[in-house]
1. Go through (1) aliphatic (A, V, I, L, M); (2) closer than 30 Å to residue 45 by Cα; (3) modelled with pLDDT of 95 or more one by one and return the number of the condition residue 222 breaks.
2. Working carefully through the options 224, 238, 217, find the one that is touching a residue at least 60 places away in the same chain (Cβ under 8 Å) and surrounded by 20 or more Cβ atoms within 10 Å (Cβ to Cβ).
3. Go through segment 319-353 residue by residue and tally those that are outside any loop (DSSP other than H, G, I, E, B), of a type outside the set (S, T, N, Q) and more than 20 Å from residue 387 (Cβ to Cβ).
4. Kindly check whether there is at least one residue in segment 348-364 that is buried (at least 22 other Cβ atoms within 10 Å of the Cβ), small (Gly, Ala, Ser) and assigned by TED's automatic domain parsing to the domain that holds residue 290.
5. If you check residue 328 against the conditions, is it surrounded by fewer than 17 Cβ atoms within 10 Å (Cβ to Cβ), in the same structural domain as residue 247 (by TED's automatic domain parsing) and at pLDDT below 90?
6. Against the condition at pLDDT 95 or above, hydroxyl-bearing (Ser, Thr, Tyr), in a helix (DSSP H, G or I) and within 28 Å of the chain's Cα centre (by Cα), how does residue 181 come out, does it pass?
7. Search segment 108-128 for residues being basic (Lys, Arg) and in contact (Cβ under 8 Å) with a residue 12 or more places away in the chain, and hand back the single one that is farthest from ligand 2 (Cβ to nearest atom).
8. Quick one: in segment 132-159, of everything that is assigned to a helix (DSSP H, G or I) and of a type in the set (Gly, Ala, Ser), which residue is farthest from residue 181 (Cα to Cα)?
Amino acid sequence: MKLQEYHARRLLLAQGLPVPDFAVADTPAGVREATESFLATGAGRVVLKAQLLVGGRGKAGGVKLAATPEEAEDAASQILGMDIKGTIVRRVLVAPAADIAAEFYLACVLDRGARRVLLMGCVEGGVEIEVVAAERPEAIKQVHAHPHLGLLDYQARTMAFALGLGGTHLRSFVSIAKGLYRTMVANDADLVEINPLAIVREPAPDALPREELQCLDAKMTIDDSALERHVEIEAMRDVAEEDPVDVAAREQGLSFIRLEGTIGCMVNGAGLAMTTMDLIKRAGGEPANFLDIGGGAKADKVETAMRLILADPHVRAILVNIFGGIARGDEVAHGLVDARRQQERHVPMVVRIVGTNADEAARILDEAGDPDIQTALNLDDAVEKAVAAAATVAAAPA
Ligand code: GDP
Ligand code: MN
């Protein structure tokens, strides 16, 4: 699960990282009010940032500076409602604008291959790190945390020196890197990214300006399987920005992943679902989704699954492959027939149900008398029929 920047910032603050003050508003008037209070406490300007789950907001016009409450209100009315990569902006983060001297990239990711947390840093912060990674991977410095002891001081210092952050910034960098690691572990995150981690000039009225490291952006994704033990993070979920298909699938406890092909798959068991997809590919077809309706699937789950599959306009045929164990064939067959009656869009469906109550399932499907439903004797037969059906049906109007 991805977190909004303002949520991620709060989790960084909770681990003691230097995150500048900020407020969140969802109206231009709210942005104006927040701006007034930041300007009153000495800020010269404020920065306004669109709150979205997608990156590259700066380039898309979602990050703006303002020097007066009027300017901020104006800028906010441009940003709110803006469409960035298909998502409408509904919230703006307001913060005193930082006077940036340098920008770095710093992140912790889960390195599954190494089975360790990986700290990554780069002196080219602020820009899209994906571009650097593709063009000059050697520019990204890497240090693996110790699997039991965590990120050790010397490891953090190694990263600091690799980024040229010795001297006055060394101690602060070490504490930021270690805080990043703690944020990762404490929240079961698989990514915590600060881009930019900036050297910021702080005005010091009666002395030379001080420079300090600050986290000016925050991106975080949480391991979905760990959300059960983080009620407070689950509450940060932004359903409005998630794909409605994903939301419906999660509510019904279905594992559903949309793919690019034309053959919708309804299968019970992750392994059988993978095998079914392999066989479709071998027969020259392309699966439109991965779907595991789970053991003991009841009629209502089947109905939701069918709705999710048909929500994809590329689907031209559906292959149902059920191995009845705990799931009963007759339950699934009833679910299919019911779902079929409720759907407006009909595509050919090939059904293979074996195992518990398979005979009854065949009878139910037969009695439904739906000419678009074919049954199959075995999996090869089912796959062949589904691929053939998908090839003859025209795509639905998008
Ligand atoms: P992103 O584009 O979605 O990653 O959004 P960021 O928060 O990283 O902002 C993009 C860029 O805007 C940063 O790399 C900075 O150059 C600039 N920026 C962000 N915050 C400030 C700020 O407080 N002051 C100034 N001067 N620039 C900022
Ligand atoms: Mn950024």
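1. Tallying (1) aliphatic (A, V, I, L, M); (2) closer than 30 Å to residue 45 by Cα; (3) modelled with pLDDT of 95 or more, residue 222 fails exactly one: (2).
2. 217
3. 14
4. Yes, some residue in segment 348-364 is buried (at least 22 other Cβ atoms within 10 Å of the Cβ), small (Gly, Ala, Ser) and assigned by TED's automatic domain parsing to the domain that holds residue 290.
5. Considered against the rule, which asks whether it is surrounded by fewer than 17 Cβ atoms within 10 Å (Cβ to Cβ), in the same structural domain as residue 247 (by TED's automatic domain parsing) and at pLDDT below 90, residue 328 comes out as no.
6. Judged against the criteria, residue 181 is a match.
7. Looking at the filtered set, the residue picked out is 115.
8. Looking at residues that are assigned to a helix (DSSP H, G or I) and of a type in the set (Gly, Ala, Ser), I get 134.
The values are calculated or read from the model by the stated rules, or taken from the named source; none is laboratory data. Note that the structure is predicted; figures quoted are calculated from it, not measured. No Cβ is skipped: glycine too gets one built from the backbone with ideal geometry, and neighbour counts run over all protein chains shown.
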